[in-house]
Every structure is written in C-alpha cells, then in structure tokens.
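The values are calculated or read from the model by the stated rules, or taken from the named source; none is laboratory data. What you see is a predicted model, and the numbers here were worked out from it, not measured in a lab. Cβ coordinates were reconstructed from backbone atoms using ideal geometry, including for glycine residues, and neighbour counts include every protein chain displayed.
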Amino acid sequence: MTEDGHGALPFELPADWASPLAHAVFDQGAMLLAAVDPDLRVVATNATAERFPQIPMGPGDDMAAVFAALGLEYLVPVLGRALSPAGPLLRRWQMVAARTAGGKLLHLTIGVLRIERAPGSTLGLLVTVNDMTDLVRSESRFEVVREAAQTIGDSLDVAQTAQQLADLVVPRLADLAAVHLAEAVVAGEEPAVDPTTGYTPEVRAGVAFAGDAWPGELVQVGERLPVPPDIPSVRAMEGGATLLIPRLEPAPGDSAVPANAHSLLAVPLFARGHSLGSVQLWRTERPDPFDENDARLVEEIASRAALSVDNARRFTREHNVALALQRSLLPEEGSDEPAAETFAAYLPTSSSAGIGGDWYDTIPLSSLRLAFVVGDVTGHGLQASATMGRLRTAVQALADMDLPPDELLTHVDDLVQRFPNRSHGAEAVSGATCLYAEYDPVTGRCRMASAGHPPPVVLAPDGRAHFVELEAGPPLGVGGMPFEIAEIELAPGSVLILYSDGLLSGPDHDLGAGMRRLLDRLEHTDAPRQDLAKIGRDLLDPAVVGSCDDDTTLLLARVRPLPDEDCVVWELPVDPAHVARARDLTTGQLAAWGLEHLVFTTELVVSELVTNAIRYGESGPITLRLIRGRDVLICEVSDPSNTQPRLRRAHSTDEGGRGLFLVAQLTRRWGSRYEQSGKTIWAEQGTVPVEEAWDLD
C-alpha cells in the first residue's frame, strides 16, 4: 500500500524479511523508535537506559505522559489526529525543544507515521525521536564564537571591549554576567598584584543581565571589587585556571555574587602570561547548571577577548603617554599679557586614531608685541606629538629673532622638508599646517601668515564675527611657494580666534558648513562681557560639537591696545650733537611718567643706542621711541641701516666696543629686528624699584 494507505507498495517485501527487518530497525541505537497503539500505549520501543538515558520509556508506557514529562504536551493532540485515517502526519521531522526531569535542555526531531492493517483500519503509530542536542549545541557554539570574533575588539576602548564580552554571553549562556578588569589594565598599564592582599585589584568594567536591571545590591560598573576569599580555587584563577561551580550557594550579603545565583562559571582573561581580569557568568532563572561544555566555550571566547582587551590596554597606554607628552609640550591655558588676555585649550580626538599633533602658543615679542600660533601636524600618536614639540620649539626660536610672519613660516617649511621619511620603523610625519599672527599693541594692528591653515576669526566688540581675508600658503613641508602676509586693525576689546580644523569638523565633513556654524555660534556670544574661558569651553562643549574625529586646538585673544600716553616717539637727525638732546628728552619723559629712579640707566642705554645708530647708520633720520608697559620700560632706536649689531667684550686697551655690552648689563633683555628698510635696536628694563621688588622697608 502507499504512505496514506491506498494502493500497493512499489516493492515486494519477501515474507522471510519482515521479522528480521523489524528487529534490525528496532535494534539500532541512532534513532529512538516507539510503536504506539490507538490508546497511545507503547507497544514496542528500542529505548533503553543505555541508548537513550535522557528519554525514559518502555513497553506499556503512556506516550502522552512521556511527551508531558519532556514538556511536549502540545504534541499529544498531534498524535491523536494522526490516528485518524484522514489525519495529518509528521512525515518530515519537526525540531522541538524539550527538557528532562533534571532540567537539561534537549533538542529533538520528532516524526509520526501511521501504521494500517488495511486502508481505513489503523493499527497504530510509529513515533521517531532523534536527539540533535549535541549537533545544535555545536552549531550554537560555533555561532557564538563567530560572533565573538566579529564583535569583540572592534574598538580600542578597554571598557567598551569588556561590555561587548558581557553582552555576548547574556542571554545565550547566562542570566547575568560581569567582566572584571585589573585597575591597572583600565588605566592602560600592566596588571600588578597588591602585596598586602596577594590579589590583583579589580574593577567591574562591564555587566549584562537578562532581567530588567542589574541588581542594585551588587558592585556596579566602575566600582572596585572586594578582596576575594583566600581559597585555592580562587587563587588558581590568578594563574589562568577556570572556576566552575555547578551548584552555588552565595554567601548572604555578598556584593560580588547575585543572591539567587545557583551556578557559577568564571574564566580568567589571560594574555601574554598575565591575568588581565575575568568574565563571570551566573545562572539564576534557567535551571540547568553550567557544565564542562559551557566552560570550554567560554574559555575560547575569553581567549579571544583577552587579546582584544590587551590590545585596547596597549592602545590606552600609548594614548595616555601621547596625551601626557602633548599636554607637557603645550603652554598654560590662559595668560594675561600687556597686549592681550588669552585663553587656549586642546581637545584630543574621541576616535581610535590616537592623539594628534595640534598645538597652540602665545609668544611675547619685543616692544610688548605678542605672537599667536596654532598648528596641526599630520598623523597621530607619539610621532605626531614629538614632531609638534620640534615645530613649536622652532617657531619660538624664530619668533625670538623677530622675523616677519611670512619669513618665519618659510624657515619652518625648510625644517619640515628636512624631516626623515621614516623613524624607527614608524611612518614619519610628512607635513603640518600653521598660522602665525603678530599683534602690536602700540599700533593696534595685527599681521599674519598661514601655511595651509584655516583663517582666524575676528569677533568685534559689537558681537559681529568675520573671517580674516587671508591667502593661505601651502602646508609646511611642500616648499617652493611663498607665504602671503595679511594685515588688519583690531579695535580695542576685539577677540581674535585661532583654531585647528577639528573645530570645523562635523558629521557632514563639510568645511564650509563648519565655518558657517562657527560664525553663527560666535555671533550668539556676549563677547564684550563674557569671560574668554567661558567662550572657549562653550565652543569646545562635546554636547554641541559632538564626537570629535580630529584633535581640536583653540586660542582666543582679547586685544588691548596701548594707551597713547604710554608711548612717545622722537625723530633725531644723524648728528652726534643730538645725543645729548636724546638724553634730555628721555629724562623729561621719565619724570612725566614718575620713573625718575630709571633716569640713570635709561640715559646710558639711550646714549649708547643713539650713538651707535649715528656712527653706523646710513643717511636718514634716527627714531627714538619710549614705551611704558605694565612693569616694563622699553627703549627703541631705529635707523635705516641693515648692519647687524654685535655684542662683544672689549679689552682693557680698547677705546670702544663697550656699548652693547653696557646695554646688556643694564637691562634685562635686548635685541634687534629688521623691517623692509632699516632695523630697530630695543632694550627692556623693569620699572619696579629694587626695594619694592624685594619688599624692603
């Protein structure tokens, strides 16, 4: 007959085959077979305690009761319908999940075939059960390991890697899980044992839970764990051993273990011979305890996760070192110079690229002038930070020579071109951008030049903001192209804003849109009355800026021109007779300023500088200028000559050569600077009398 009981079978079964075939089928142990009568009583089965220990069954048992014991009550009506000649059958195996009396989860495939004496006369059913638990578990384990390889360690953040591990094992393997990491690992350092306890201090770095929330009575994320009990099994974990407790009884009030946990599996995160921490899994709701198969699976996952944690730790260490180096090479955030009040800040990137080479600087120049510098080195990491330090030092040295902005950038450009292509096997920095601005409080003017850097913003006292029209030259290291100078006048109280391109970056990566956003934010700033630090921190607020894909440097300078009464200028003819007149003019001005105590030294300085200008200068007038600062007096003498002044020590028999030596001895610093035509020799003196400086009575 056919499968549905109608017609003849497509083959003839010899009579002497029927009994041997039935015995052979029921004698095999790969698949459980049960012949069931119309009352669902087991007539015959190959189920034995040795072959199928998880499914107890024998002749005479009620198949409905067997299914109910496995949690498959919903299949009993299927058996009843299959007894009907027109009822449906489970010819194709159906995968079901069952549980044994001990709570163990089984994955079974079940089939139901109808046995008929003749068409329309049902003899009973043949129920087939195949235990697929090991295969399903194997496939599930493979899926978990595959997902672990894909998800754990896709970031270089230690805490995020720990959380990824916890999220992977819950709810697949546990009801609650926690990842513990050594405190030193979180900080990027090698784990170290506390000599007083003999254990490595750990913090709870990540948790996952199948319920509504992580229990409040347990140690929370970021908190330090209590010292574990001094027992051999816990000690063994420090050496890399797995701790498996199938039946757990938590101690009352234990803040490290859930109170209702009945099974524990703890696997250390071991990498390069160090225990970086551990992942601990608990079962509270699911009844089956952890077993050796679970332990082997979590060990494989933990071995992968440990490498990811160690990579993240090493990145964190390099990031911290680079950030510390970066910050150590940068000046203080704020300064209060006679020419300007400044505020500066550096915001490292939030991406995994690492610390970059952004820098800022405020450099006092001669005659109360002030230089503002921002730069951005290409690349990230220690190499970029080290290069930034070299460039900042070079700019400071060149600024001390009073070079114009375009000439200064040309010298720095030559320096970058001489950088090596590679350094100790790492990619060398190939270039940088830089903006150098020079503000003169006497004239109220600012001149600047850019090497591939975004233009600064001027925030006027009335709140209006605009970008400076500045022709940016090529980035440093390109060479072959000149740099252009832009000169602007700044009203008293104006704020000059210099920045790196990280401030303009946004999710759209549109530089033009970033510049428009910056202007809009600045024009909504109460610049005249607001503190510079408040303006700067608002501009760098992560809640507004969002995640930063690049380092950001910001330098704000509120300029204050020198009052007219603090600067005097005289023009003198090239005539030795006017040296005395220069002294007289100086003496009178010092008396007007109340600086009579500086008359003697200032007269000597002016005499020497004017005499040198007359002796070595070319045709043309000589200019004498006195500038009074907050606590400094500056004497300047300008002449049309480009002759370089030299400081030398005269011999006892020499009749001259002591001029600049005397100037250097009488002042706290002196120097020279060159313009398009001629030069200026300047010297600075402190204005505070000695007895006031030393607080003498």
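Tabulated data
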read-out: So ALA174, is it part of a loop (DSSP other than H, G, I, E, B), crowded, with 21+ Cβ neighbours inside 10 Å and not charged (D, E, K, R); value: yes
read-out: Considering residues of the stretch 154-167 that are touching a helix residue (DSSP H, G or I) at 6+ places or on another chain (Cβ under 9 Å) and surrounded by fewer than 21 Cβ atoms within 10 Å (Cβ to Cβ) only, the residue farthest from ARG204 (Cα to Cα); value: ASP154
read-out: Qualifying residue in the stretch 139-157 (condition: over 22 Å from ARG272 (Cα atoms) and at pLDDT 85 or above); value: no
read-out: Sole exception among (1) buried (at least 20 other Cβ atoms within 10 Å of the Cβ); (2) modelled with pLDDT under 90 for PHE372, by number; value: (2)
read-out: Positions within the stretch 257-279 being more than 12 Å from LEU173 (Cβ to Cβ), surrounded by 17 or more Cβ atoms within 10 Å (Cβ to Cβ) and over 35 Å from the mean Cα position of the chain (by Cα), in sequence order; value: ALA261, HIS262
read-out: Single residue of the stretch 402-418 satisfying the filter (out of contact with any helix residue (DSSP H, G or I) (no Cβ under 7 Å at 6 or more places or on another chain) and at pLDDT below 90) that is surrounded by the most Cβ atoms within 10 Å (Cβ to Cβ); value: VAL416
read-out: Residue match in the stretch 251-263 (condition: without any contact (Cβ under 8 Å) to a residue 12 or more places away in the chain, touching a Leu at 6+ places or on another chain (Cβ under 9 Å) and of a type outside the set (Val, Ile, Thr)); value: yes
read-out: Residue within the stretch 273-290 that is aromatic (Phe, Trp, Tyr), in the same structural domain as VAL158 (by TED's automatic domain parsing) and over 21 Å from ASP157 (Cα atoms) present; value: yes
read-out: Residues (of a type in the set (Gly, Ala, Ser) and in contact with a Leu (Cβ under 6 Å, 6 or more places away or on another chain)) located in the stretch 445-469; value: ALA449, SER450, ALA451, ALA465
read-out: Boolean, GLU341 is among the acidic types (Asp, Glu) and in a strand (DSSP E or B); value: yes
read-out: Number of the exception - ASP526 against (1) modelled with pLDDT of 85 or more; (2) within 21 Å of ALA460 (Cα to Cα); value: (1)
read-out: Single residue of GLU469, GLU487 found to be farther than 17 Å from VAL377 by Cβ, among the acidic types (Asp, Glu) and not in a loop (DSSP other than H, G, I, E, B); value: GLU487
read-out: Every pair of residues 6+ apart whose Cβ atoms lie under 8 Å, when the first sits in the stretch 29-40 and is within 13 Å of ALA64 (Cα to Cα) and not assigned by TED's automatic domain parsing to the domain that holds PRO59 while the second is aliphatic (A, V, I, L, M) and buried (at least 17 other Cβ atoms within 10 Å of the Cβ); value: none
read-out: In the stretch 603-653, residue surrounded by the fewest Cβ atoms within 10 Å (Cβ to Cβ) [restricted to those that are at pLDDT 85 or above and among the acidic types (Asp, Glu)]; value: ASP631
read-out: Residue within the stretch 505-518 that is surrounded by 15 or more Cβ atoms within 10 Å (Cβ to Cβ), in a strand (DSSP E or B) and either touching a Gly at 6+ places or on another chain (Cβ under 9 Å) or not assigned by TED's automatic domain parsing to the domain that holds PRO405 (or both) present; value: no
read-out: Considering residues of the stretch 529-558 that are under 19 Å from the mean Cα position of the chain (by Cα) and among the polar types (S, T, N, Q) only, the residue modelled with the highest pLDDT; value: THR553
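Listed here are the residues, each with its yes/no results for (1) part of a helix (DSSP H, G or I); (2) touching a Gly at 6+ places or on another chain (Cβ under 9 Å); (3) touching a residue at least 12 places away in the same chain (Cβ under 8 Å).
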site: THR200; (1), (2), (3): no, yes, yes
site: ARG204; (1), (2), (3): no, yes, yes
site: ALA208; (1), (2), (3): no, no, yes
site: GLY216; (1), (2), (3): no, no, no
site: GLY222; (1), (2), (3): no, no, yes
site: VAL234; (1), (2), (3): yes, no, no
site: MET237; (1), (2), (3): yes, no, yes
site: ALA241; (1), (2), (3): no, no, yes
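Yes/no matrix, rows are residues, columns are (1) assigned by TED's automatic domain parsing to the domain that holds SER367; (2) in a helix (DSSP H, G or I); (3) on the phi > 0 side of the Ramachandran plot:
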residue	(1), (2), (3)
ALA580	no, yes, no
GLN589	no, yes, no
THR601	no, yes, no
VAL605	no, yes, no
GLY620	no, no, yes
THR623	no, no, no
ILE627	no, no, no
ARG630	no, no, no
LEU633	no, no, no
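Yes or no, residue by residue, for (1) surrounded by 22 or more Cβ atoms within 10 Å (Cβ to Cβ); (2) in contact with a Lys or Arg (Cβ under 7 Å, 6 or more places away or on another chain); (3) among the polar types (S, T, N, Q); (4) without any contact (Cβ under 8 Å) to a residue 12 or more places away in the chain:
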| position | (1), (2), (3), (4) |
| --- | --- |
| LEU281 | yes, no, no, no |
| ASP288 | no, yes, no, no |
| LEU297 | yes, yes, no, no |
| PRO331 | no, no, no, no |
| GLY357 | yes, no, no, no |
| THR387 | yes, no, yes, no |
